[in-house]
1. Using the 10 angstrom Cβ neighbour count as an exposure proxy, how do A:49, A:15 rank, fewest first?
2. Please report, for the Cα atoms of the stretch B:3-83, the Rg to one decimal and the Dmax as a whole number; what are they, in angstrom?
3. Modelled label-to-label distance, residue A:81 and residue B:92, 7 Å Cα→beta-carbon offset: nm?
4. I'd like the orientation of helix B:43-55 relative to chain B: the angle between its Cα long axis and the longest Cα principal axis, in ° from 0 to 90, rounded to 10.
5. Taking only C-alpha pairs under 8 Å that are 6+ residues apart, what is the relative contact order of the stretch B:3-83 in percent?
6. Please identify, among B:42, B:60, B:134, the residue showing maximal mean-square fluctuation in a Gaussian network model of chain B using a 10 angstrom Cα cutoff.
7. Which FRET efficiency value, to the nearest 0.05, do you get for residue B:28 and residue B:75 by plugging their Cβ-Cβ distance into 1/(1 + (r/R0)^6) with R0 = 22 Å?
8. Using a 10 Å cut-off around each Cβ, can you sort B:161, A:85 from fewest to most neighbouring Cβ atoms?
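Every read-out reported here was derived from the displayed coordinates using simple, explicitly stated rules and does not represent laboratory data. Remember, predicted model here, so these are calculated numbers, not experimental data. Because the Cβ atoms are built from the backbone with ideal geometry, glycine has one as well, and the counts that use them run over all protein chains shown.
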Amino acid sequence: MRVLEEKYLAYIDDRIAEHNKIGEQYKADDRKDEADLEKIKANIYEIFRTLFLNDIKQLEGKDLGNNKDIGIYNEYLHRFDTIPTNWKVALDKAKEHGDITKQVIEENKLAAAMELKERFIAMFDGFGR
Amino acid sequence: MTEDNVVKLFKCLSDKSRLQILKSLINEDMYVELLAQRLNLAPSTISFHLKKLEDVGAVASRKEQYYSIYSINEEVFKSSILDIIKEKSSEAELQRQREDNYRKKVIENFFEYGKLKNIPAQRKKRRIILEEIAKAFEPDKMYTEREVNIIIADFHDDFCTLRREMICENILTRDNSIYRLVNGK
């Protein structure tokens, strides 16, 4: 399990570094708005990284036997339903009012969360949960 | 072009992707997907930039069947930078612009898609949002309290507080439970 947690965290760190790097390139290329969008994506990864560490910490030291893995899996997976709720509401509102700028920002946030969720499921399922 | 508009235009143009979009549009009118393909950017990113360009009047759009076709607004680019610099603005005009900008910012911060997010604590800001709500009232028309509540409730659930504030700020006047805008404004 420890290996898997580290692998997942490493994946998130890679994605954060990647988006920050692209953001810096955009900034250097005088494409500030696109750089900001990359920063937003990196921030979403940061949020889920923090939550993952928090969920692991909550279970540390608890005698959960074989249920420990499932505990982390379910707790963390649930975050992908709760955290983006307001983003979905904001996206719907933006679409309703033709607010393209806000729409693109919310879509990017949701896409980043969705990508992390899929990667998480794939990793944990692949681990033989 | 006002100084304010000039600043907004230049800010908008100081982005390489947006310049690339304009360079494409100077040759021919295009729709989002085609621009995305040509510039190797996501269609959503192109829409994002086009919206900004449209807001400053640099591009215009028209509907053609299923597509929105974008074209460059050449008029905006016809004035030379020297002409813009030479344009004189009075101190009164600058002051009015500053006030307009402040008002616009307050409205943007406190309203979202026509709904008031929360009531500002600061009196100056509160006055601005009350004046904005007052635009929903017709000049010289008399309103019952219920009608006033319904109009204000369209903006915020706490219509009692806002109604009272509008009276205190002398935006609405109340006489025998009948409300109307002060001086029909």
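1. Least crowded to most crowded, the residues run A:49, A:15.
2. 12.5, 41
3. So the label points at residue A:81 and residue B:92 sit 6.4 nm apart.
4. For helix B:43-55, the angle is close to 60 degrees.
5. Values: 74 pairs, mean separation 24.1, N = 81.
The value is 30 percent.
6. Judging by the Gaussian network model, the answer is B:42.
7. Working: r = 18 Å, r/R0 = 0.82.
With a Förster radius of 22 Å, E is 0.75.
8. Placing the least packed residue first, the sequence is A:85, B:161.
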